[in-house]
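Engineer: Take a look at the following structure, please.
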Amino acid sequence: MKFSELGIPKNLNKGLKEMGIVIPTKIQEQAIPVLINEDVDFIGKAQTGTGKTAAFGIPLLAGINPNKKEVQALILAPTRELGQQIAKQLFKFTKYTEKIYSESVYGGERIEIQISRLKRPTHIIVATPGRLIDLMERKAVDISKIKTVVLDEADEMLSMGFKKDLTTILSKTKGRRNVWLFSATMPAALNEIINSYVSRDAIRVSVDKQDAVNKGIDHHFVVGEEINKLDTLTYFLKSHKKQRGIIFTKTKAAARKLSKQLIAKNYEVGLLEGDMTQKDRDKVMRAFKKGTMELLVSTDVAARGIDVANLAFVVHYQLPDQIEYYTHRSGRTARAGKTGLSLALIVKQEIKAIRELEKKLGIRFTQIR
(Lines give C-alpha, C1' and ligand atoms only; values in the text may rest on other atoms or scores of the structure.)
Protein backbone atom coordinates (compact mmCIF):
# COMPACT_ATOMS: atom_id res chain seq x y z
CA MET A 1 0.00 0.00 0.00
CA LYS A 2 1.11 3.57 -0.73
CA PHE A 3 0.46 6.73 1.27
CA SER A 4 -1.72 8.10 -1.51
CA GLU A 5 -4.15 5.21 -0.85
CA LEU A 6 -4.71 6.26 2.78
CA GLY A 7 -6.86 9.28 1.92
CA ILE A 8 -4.16 11.87 2.60
CA PRO A 9 -4.66 15.31 0.96
CA LYS A 10 -2.48 15.69 -2.17
CA ASN A 11 -0.43 18.61 -0.83
CA LEU A 12 0.58 16.64 2.29
CA ASN A 13 1.34 13.54 0.22
CA LYS A 14 3.63 15.63 -2.00
CA GLY A 15 5.64 16.72 1.06
CA LEU A 16 5.94 13.12 2.26
CA LYS A 17 7.04 11.90 -1.16
CA GLU A 18 9.80 14.50 -1.24
CA MET A 19 11.01 13.25 2.16
CA GLY A 20 11.21 9.72 0.69
CA ILE A 21 8.24 8.53 2.77
CA VAL A 22 6.21 6.46 0.32
CA ILE A 23 5.27 3.13 1.91
CA PRO A 24 3.39 3.46 5.22
CA THR A 25 4.40 1.46 8.29
CA LYS A 26 1.86 -0.80 10.06
CA ILE A 27 0.81 1.86 12.60
CA GLN A 28 0.47 4.51 9.85
CA GLU A 29 -1.60 2.16 7.70
CA GLN A 30 -4.00 1.50 10.57
CA ALA A 31 -4.15 4.94 12.16
CA ILE A 32 -4.15 7.47 9.31
CA PRO A 33 -7.40 6.52 7.47
CA VAL A 34 -9.30 6.37 10.79
CA LEU A 35 -7.94 9.65 12.17
CA ILE A 36 -8.41 11.55 8.89
CA ASN A 37 -11.98 10.43 8.25
CA GLU A 38 -13.51 9.97 11.69
CA ASP A 39 -14.12 12.15 14.72
CA VAL A 40 -12.84 9.66 17.31
CA ASP A 41 -10.65 9.06 20.32
CA PHE A 42 -7.77 6.71 19.52
CA ILE A 43 -5.38 4.44 21.44
CA GLY A 44 -2.37 3.16 19.49
CA LYS A 45 0.08 0.70 21.00
CA ALA A 46 3.34 0.73 19.03
CA GLN A 47 7.06 0.84 19.72
CA THR A 48 9.38 3.78 19.18
CA GLY A 49 10.76 3.89 15.64
CA THR A 50 7.56 2.62 13.99
CA GLY A 51 6.61 5.99 12.43
CA LYS A 52 4.16 7.24 15.06
CA THR A 53 4.87 10.93 14.31
CA ALA A 54 3.44 10.63 10.80
CA ALA A 55 0.65 8.34 12.08
CA PHE A 56 -0.80 11.19 14.18
CA GLY A 57 0.93 14.17 12.51
CA ILE A 58 -0.56 13.76 9.03
CA PRO A 59 -4.22 13.46 10.19
CA LEU A 60 -3.64 16.31 12.66
CA LEU A 61 -2.36 18.63 9.91
CA ALA A 62 -5.18 17.58 7.58
CA GLY A 63 -7.70 18.73 10.21
CA ILE A 64 -6.17 22.17 10.92
CA ASN A 65 -7.91 25.27 9.57
CA PRO A 66 -5.02 27.63 8.68
CA ASN A 67 -7.38 30.63 8.59
CA LYS A 68 -8.33 30.28 12.25
CA LYS A 69 -5.68 32.05 14.30
CA GLU A 70 -6.10 29.88 17.39
CA VAL A 71 -4.47 26.82 18.94
CA GLN A 72 -6.36 23.86 17.46
CA ALA A 73 -4.19 20.94 18.53
CA LEU A 74 -1.86 20.02 21.36
CA ILE A 75 0.83 17.33 21.30
CA LEU A 76 2.36 16.28 24.61
CA ALA A 77 5.75 14.53 24.65
CA PRO A 78 8.00 13.36 27.52
CA THR A 79 11.26 15.06 26.49
CA ARG A 80 12.47 18.26 24.92
CA GLU A 81 14.23 16.33 22.12
CA LEU A 82 11.11 14.40 21.15
CA GLY A 83 9.03 17.62 21.20
CA GLN A 84 11.53 19.44 18.96
CA GLN A 85 11.73 16.44 16.64
CA ILE A 86 7.91 16.28 16.28
CA ALA A 87 7.68 20.03 15.54
CA LYS A 88 10.44 19.69 12.93
CA GLN A 89 8.63 16.77 11.24
CA LEU A 90 5.34 18.71 11.12
CA PHE A 91 7.15 21.61 9.49
CA LYS A 92 8.62 19.29 6.82
CA PHE A 93 5.25 17.63 6.17
CA THR A 94 3.63 21.02 5.42
CA LYS A 95 6.05 22.17 2.71
CA TYR A 96 3.26 22.31 0.09
CA THR A 97 0.25 23.18 2.29
CA GLU A 98 -1.10 26.53 3.41
CA LYS A 99 0.97 27.86 6.31
CA ILE A 100 0.32 25.85 9.48
CA TYR A 101 2.30 27.11 12.46
CA SER A 102 3.61 24.78 15.19
CA GLU A 103 5.43 25.93 18.31
CA SER A 104 7.54 23.68 20.54
CA VAL A 105 7.70 24.56 24.27
CA TYR A 106 9.74 22.76 26.94
CA GLY A 107 11.72 23.19 30.14
CA GLY A 108 15.36 24.18 29.95
CA GLU A 109 14.76 27.33 27.87
CA ARG A 110 13.75 30.73 29.31
CA ILE A 111 9.96 30.84 29.57
CA GLU A 112 9.87 34.51 28.45
CA ILE A 113 11.30 33.55 25.05
CA GLN A 114 8.54 30.95 24.62
CA ILE A 115 5.82 33.37 25.75
CA SER A 116 6.89 35.89 23.09
CA ARG A 117 6.92 33.14 20.41
CA LEU A 118 3.39 32.08 21.39
CA LYS A 119 2.12 35.61 20.66
CA ARG A 120 2.52 34.80 16.96
CA PRO A 121 -0.29 32.85 15.26
CA THR A 122 0.02 29.24 16.46
CA HIS A 123 -2.13 26.32 15.30
CA ILE A 124 -0.34 23.42 17.03
CA ILE A 125 1.57 23.43 20.32
CA VAL A 126 4.07 20.63 20.98
CA ALA A 127 4.90 20.64 24.70
CA THR A 128 6.41 18.82 27.62
CA PRO A 129 3.70 18.64 30.32
CA GLY A 130 5.53 20.61 33.04
CA ARG A 131 6.31 23.58 30.81
CA LEU A 132 2.75 23.67 29.41
CA ILE A 133 1.36 23.93 32.97
CA ASP A 134 3.78 26.83 33.69
CA LEU A 135 2.57 28.62 30.53
CA MET A 136 -1.09 27.98 31.39
CA GLU A 137 -0.56 29.40 34.89
CA ARG A 138 0.89 32.56 33.34
CA LYS A 139 -2.13 32.76 30.98
CA ALA A 140 0.34 32.64 28.08
CA VAL A 141 -1.50 29.85 26.34
CA ASP A 142 -5.17 29.13 25.77
CA ILE A 143 -6.06 25.49 25.20
CA SER A 144 -9.82 25.86 25.58
CA LYS A 145 -10.58 25.65 21.82
CA ILE A 146 -8.41 22.64 21.16
CA LYS A 147 -9.94 19.96 18.94
CA THR A 148 -7.28 17.27 19.43
CA VAL A 149 -4.86 16.32 22.20
CA VAL A 150 -2.12 13.84 21.27
CA LEU A 151 -0.22 12.03 24.01
CA ASP A 152 2.97 10.64 22.47
CA GLU A 153 5.05 8.10 24.41
CA ALA A 154 2.38 8.23 27.12
CA ASP A 155 3.99 5.47 29.22
CA GLU A 156 7.26 7.38 29.29
CA MET A 157 5.51 10.58 30.46
CA LEU A 158 4.11 8.62 33.41
CA SER A 159 7.44 6.99 34.27
CA MET A 160 8.99 10.48 34.27
CA GLY A 161 6.47 11.64 36.89
CA PHE A 162 4.06 13.67 34.71
CA LYS A 163 0.82 11.96 35.80
CA LYS A 164 -0.52 14.92 37.81
CA ASP A 165 0.36 17.36 34.99
CA LEU A 166 -1.36 15.15 32.40
CA THR A 167 -4.57 14.93 34.41
CA THR A 168 -4.53 18.74 34.94
CA ILE A 169 -4.08 19.39 31.21
CA LEU A 170 -6.69 16.84 30.11
CA SER A 171 -9.27 18.19 32.56
CA LYS A 172 -8.65 21.75 31.27
CA THR A 173 -9.31 20.94 27.59
CA LYS A 174 -13.02 21.59 27.79
CA GLY A 175 -15.83 20.65 25.43
CA ARG A 176 -15.64 18.30 22.52
CA ARG A 177 -12.07 17.29 21.92
CA ASN A 178 -10.48 14.06 20.79
CA VAL A 179 -7.65 12.34 22.59
CA TRP A 180 -5.16 10.35 20.51
CA LEU A 181 -2.89 8.35 22.77
CA PHE A 182 0.23 6.52 21.57
CA SER A 183 2.29 4.31 23.85
CA ALA A 184 4.77 1.42 23.65
CA THR A 185 3.37 -0.21 26.81
CA MET A 186 0.10 0.06 28.74
CA PRO A 187 0.93 0.23 32.46
CA ALA A 188 -1.91 0.31 35.05
CA ALA A 189 -1.43 4.06 35.70
CA LEU A 190 -2.03 4.72 32.00
CA ASN A 191 -5.26 2.73 32.06
CA GLU A 192 -6.45 5.05 34.87
CA ILE A 193 -5.92 8.05 32.58
CA ILE A 194 -7.61 6.24 29.67
CA ASN A 195 -10.65 5.37 31.81
CA SER A 196 -11.00 8.98 33.02
CA TYR A 197 -10.24 11.03 29.91
CA VAL A 198 -10.59 8.84 26.81
CA SER A 199 -13.94 7.85 25.30
CA ARG A 200 -15.12 4.28 25.91
CA ASP A 201 -15.71 4.00 22.16
CA ALA A 202 -12.08 4.87 21.36
CA ILE A 203 -10.60 2.99 18.39
CA ARG A 204 -7.80 0.73 19.62
CA VAL A 205 -4.92 -0.37 17.41
CA SER A 206 -2.00 -2.52 18.49
CA VAL A 207 1.03 -3.20 16.31
CA ASP A 208 2.57 -6.58 17.16
CA LYS A 209 6.08 -6.64 18.53
CA GLN A 210 7.03 -8.73 15.49
CA ASP A 211 5.77 -5.95 13.18
CA ALA A 212 7.47 -3.30 15.29
CA VAL A 213 10.96 -4.64 14.67
CA ASN A 214 12.63 -3.06 11.69
CA LYS A 215 13.48 -5.73 9.11
CA GLY A 216 16.56 -3.80 7.95
CA ILE A 217 18.48 -4.55 11.16
CA ASP A 218 21.00 -7.41 11.51
CA HIS A 219 21.06 -8.70 15.12
CA HIS A 220 24.35 -10.12 16.43
CA PHE A 221 25.73 -11.12 19.80
CA VAL A 222 29.15 -11.90 21.29
CA VAL A 223 29.57 -14.08 24.38
CA GLY A 224 32.51 -13.34 26.66
CA GLU A 225 33.63 -12.58 30.21
CA GLU A 226 32.45 -9.33 31.83
CA ILE A 227 36.09 -8.35 32.31
CA ASN A 228 36.77 -8.53 28.53
CA LYS A 229 33.74 -6.49 27.43
CA LEU A 230 35.63 -3.24 26.94
CA ASP A 231 38.24 -4.96 24.73
CA THR A 232 35.51 -6.61 22.65
CA LEU A 233 33.82 -3.22 22.22
CA THR A 234 37.01 -1.44 21.16
CA TYR A 235 37.80 -4.26 18.70
CA PHE A 236 34.31 -3.80 17.20
CA LEU A 237 34.71 0.00 17.05
CA LYS A 238 38.08 -0.33 15.25
CA SER A 239 36.42 -2.39 12.51
CA HIS A 240 33.65 0.24 12.20
CA LYS A 241 35.82 3.32 11.99
CA LYS A 242 34.20 6.51 10.67
CA GLN A 243 30.75 5.04 11.32
CA ARG A 244 28.32 6.49 13.82
CA GLY A 245 26.57 4.57 16.53
CA ILE A 246 25.09 4.54 20.03
CA ILE A 247 26.31 2.31 22.86
CA PHE A 248 23.65 1.55 25.48
CA THR A 249 24.03 0.79 29.18
CA LYS A 250 21.34 0.03 31.76
CA THR A 251 22.47 2.47 34.43
CA LYS A 252 23.74 6.05 34.63
CA ALA A 253 26.82 4.90 36.57
CA ALA A 254 27.73 2.37 33.87
CA ALA A 255 27.25 5.02 31.14
CA ARG A 256 29.54 7.48 32.93
CA LYS A 257 32.20 4.84 33.56
CA LEU A 258 32.15 3.53 29.97
CA SER A 259 32.34 6.98 28.39
CA LYS A 260 35.40 7.79 30.57
CA GLN A 261 37.06 4.49 29.56
CA LEU A 262 36.47 5.17 25.85
CA ILE A 263 37.72 8.76 26.12
CA ALA A 264 40.87 7.38 27.79
CA LYS A 265 41.31 5.20 24.67
CA ASN A 266 41.09 8.35 22.49
CA TYR A 267 37.56 7.87 21.17
CA GLU A 268 35.42 10.94 20.51
CA VAL A 269 32.48 10.03 22.73
CA GLY A 270 29.44 11.91 23.97
CA LEU A 271 27.53 10.91 27.09
CA LEU A 272 23.76 11.06 27.57
CA GLU A 273 22.26 10.24 30.96
CA GLY A 274 19.32 11.42 33.03
CA ASP A 275 21.15 13.67 35.51
CA MET A 276 22.76 15.92 32.87
CA THR A 277 21.73 19.54 32.51
CA GLN A 278 19.75 20.42 29.38
CA LYS A 279 22.62 22.66 28.24
CA ASP A 280 25.16 19.79 28.34
CA ARG A 281 22.69 17.45 26.66
CA ASP A 282 22.07 19.93 23.81
CA LYS A 283 25.80 20.39 23.33
CA VAL A 284 26.36 16.63 22.99
CA MET A 285 23.42 16.20 20.60
CA ARG A 286 24.58 19.10 18.40
CA ALA A 287 28.05 17.54 18.03
CA PHE A 288 26.58 14.10 17.34
CA LYS A 289 24.10 15.35 14.74
CA LYS A 290 26.79 17.38 12.98
CA GLY A 291 29.02 14.32 12.87
CA THR A 292 31.91 15.93 14.75
CA MET A 293 31.35 13.19 17.34
CA GLU A 294 30.76 9.66 16.10
CA LEU A 295 29.84 7.78 19.27
CA LEU A 296 27.29 8.23 22.01
CA VAL A 297 27.07 6.31 25.26
CA SER A 298 23.52 6.50 26.57
CA THR A 299 21.00 5.09 29.02
CA ASP A 300 17.55 4.01 27.77
CA VAL A 301 15.49 6.93 29.08
CA ALA A 302 18.11 9.51 28.03
CA ALA A 303 17.90 8.25 24.43
CA ARG A 304 14.15 8.82 24.07
CA GLY A 305 13.41 11.24 21.28
CA ILE A 306 16.79 10.89 19.57
CA ASP A 307 16.40 10.72 15.82
CA VAL A 308 19.71 10.88 14.00
CA ALA A 309 19.99 9.90 10.34
CA ASN A 310 22.51 7.35 9.10
CA LEU A 311 23.39 5.54 12.32
CA ALA A 312 25.34 2.44 11.29
CA PHE A 313 25.07 0.49 14.54
CA VAL A 314 23.76 0.16 18.05
CA VAL A 315 25.71 -1.71 20.75
CA HIS A 316 24.04 -3.15 23.85
CA TYR A 317 26.93 -2.99 26.33
CA GLN A 318 24.40 -4.20 28.88
CA LEU A 319 21.20 -5.93 27.80
CA PRO A 320 18.06 -4.01 28.82
CA ASP A 321 15.63 -5.37 31.43
CA GLN A 322 12.59 -4.88 29.23
CA ILE A 323 11.95 -6.36 25.80
CA GLU A 324 10.46 -3.03 24.62
CA TYR A 325 13.75 -1.31 25.39
CA TYR A 326 15.59 -3.66 23.03
CA THR A 327 13.24 -2.54 20.23
CA HIS A 328 13.68 1.13 21.19
CA ARG A 329 17.45 0.78 21.16
CA SER A 330 17.88 -1.22 17.97
CA GLY A 331 15.28 0.98 16.23
CA ARG A 332 17.72 3.89 16.36
CA THR A 333 19.57 2.36 13.42
CA ALA A 334 18.28 1.32 9.95
CA ARG A 335 15.92 4.25 9.65
CA ALA A 336 14.29 5.53 6.45
CA GLY A 337 14.83 2.31 4.50
CA LYS A 338 18.53 1.93 5.37
CA THR A 339 20.15 -1.13 6.98
CA GLY A 340 21.89 -1.28 10.34
CA LEU A 341 23.56 -3.51 12.89
CA SER A 342 22.53 -4.25 16.47
CA LEU A 343 25.24 -5.93 18.57
CA ALA A 344 24.73 -7.32 22.10
CA LEU A 345 27.77 -7.97 24.31
CA ILE A 346 26.71 -10.66 26.75
CA VAL A 347 27.98 -13.15 29.32
CA LYS A 348 27.15 -16.88 29.14
CA GLN A 349 24.18 -16.62 31.53
CA GLU A 350 22.48 -14.14 29.18
CA ILE A 351 22.20 -16.50 26.18
CA LYS A 352 18.76 -17.37 27.59
CA ALA A 353 17.76 -13.68 27.33
CA ILE A 354 18.85 -13.61 23.67
CA ARG A 355 16.67 -16.66 22.91
CA GLU A 356 13.78 -14.94 24.70
CA LEU A 357 14.20 -11.83 22.51
CA GLU A 358 14.23 -14.02 19.39
CA LYS A 359 11.01 -15.73 20.43
CA LYS A 360 9.14 -12.62 21.55
CA LEU A 361 10.25 -10.33 18.70
CA GLY A 362 10.37 -12.89 15.90
CA ILE A 363 13.99 -12.05 15.04
CA ARG A 364 17.18 -14.12 14.54
CA PHE A 365 20.47 -13.37 16.25
CA THR A 366 23.79 -14.43 14.73
CA GLN A 367 26.56 -15.30 17.18
CA ILE A 368 29.94 -13.76 16.39
CA ARG A 369 32.90 -15.72 17.70
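The values are calculated or read from the model by the stated rules, or taken from the named source; none is laboratory data. Keep in mind that what you see is a predicted model, and the values were worked out from it rather than measured. Reconstructed Cβ throughout: ideal geometry from the backbone, glycine too, with neighbour counts over all protein chains shown.
Engineer: Looking only at the stretch 326-346, decide whether some residue is in a loop (DSSP other than H, G, I, E, B) and at pLDDT 85 or above.
Structural biologist: Scanning the stretch 326-346, I find no residue that is in a loop (DSSP other than H, G, I, E, B) and at pLDDT 85 or above, so the answer is no.
Engineer: Does Arg286 qualify as being within 24 Å of the chain's Cα centre (by Cα), assigned by TED's automatic domain parsing to the domain that holds Asp218 and surrounded by 14 or more Cβ atoms within 10 Å (Cβ to Cβ)? Can you show your working first?
Structural biologist: Numbers: within 24 Å of the chain's Cα centre (by Cα): yes; assigned by TED's automatic domain parsing to the domain that holds Asp218: yes; surrounded by 14 or more Cβ atoms within 10 Å (Cβ to Cβ): no.
The answer is no for Arg286.
Engineer: Would you point out the residue of the stretch 224-255, among those that are of a type in the set (Lys, Arg) and buried (at least 16 other Cβ atoms within 10 Å of the Cβ), that is modelled with the highest pLDDT?
Structural biologist: Taking the candidates together, the pick is Lys229.
Engineer: Looking at Tyr235, is it more than 21 Å from Asp300 (Cα to Cα), touching a helix residue (DSSP H, G or I) at 6+ places or on another chain (Cβ under 8 Å), of a type in the set (Phe, Trp, Tyr) and assigned by TED's automatic domain parsing to the domain that holds Leu357?
Structural biologist: The answer is no for Tyr235.
Engineer: Could we say that Leu295 is touching a strand residue (DSSP E or B) at 6+ places or on another chain (Cβ under 9 Å), at pLDDT 90 or above and buried (at least 17 other Cβ atoms within 10 Å of the Cβ) here?
Structural biologist: So Leu295 fits the description; yes.
Engineer: Please report, ordered by residue number, the helices (runs of 4 or more DSSP H) entirely within the stretch 1-92 with at least 3 residues that are crowded, with 22+ Cβ neighbours inside 10 Å, free of Cβ contacts under 8 Å to residues at least 60 places away in the same chain and not acidic (Asp, Glu).
Structural biologist: Hits in the stretch 1-92: 52-62.
Engineer: Out of all the residues in the stretch 223-269, which are among the small types (Gly, Ala, Ser), without any contact (Cβ under 8 Å) to a residue 24 or more places away in the chain and closer than 26 Å to Lys283 by Cβ?
Structural biologist: Result: Ala253, Ala264.
Engineer: Determine whether Asp321 is within 19 Å of Glu81 (Cα to Cα) and among the acidic types (Asp, Glu).
Structural biologist: No: the conditions fail for Asp321.
Engineer: Hey, another quick one. Could you grab me the full set of residues in the stretch 93-121 that are under 16 Å from Gly57 (Cβ atoms) and either touching a Phe, Trp or Tyr at 6+ places or on another chain (Cβ under 8 Å) or surrounded by 15 or more Cβ atoms within 10 Å (Cβ to Cβ) (or both)?
Structural biologist: Those that are under 16 Å from Gly57 (Cβ atoms) and either touching a Phe, Trp or Tyr at 6+ places or on another chain (Cβ under 8 Å) or surrounded by 15 or more Cβ atoms within 10 Å (Cβ to Cβ) (or both): Phe93, Thr94, Tyr96, Thr97, Ile100, Tyr101, Ser102, Glu103, Ser104.
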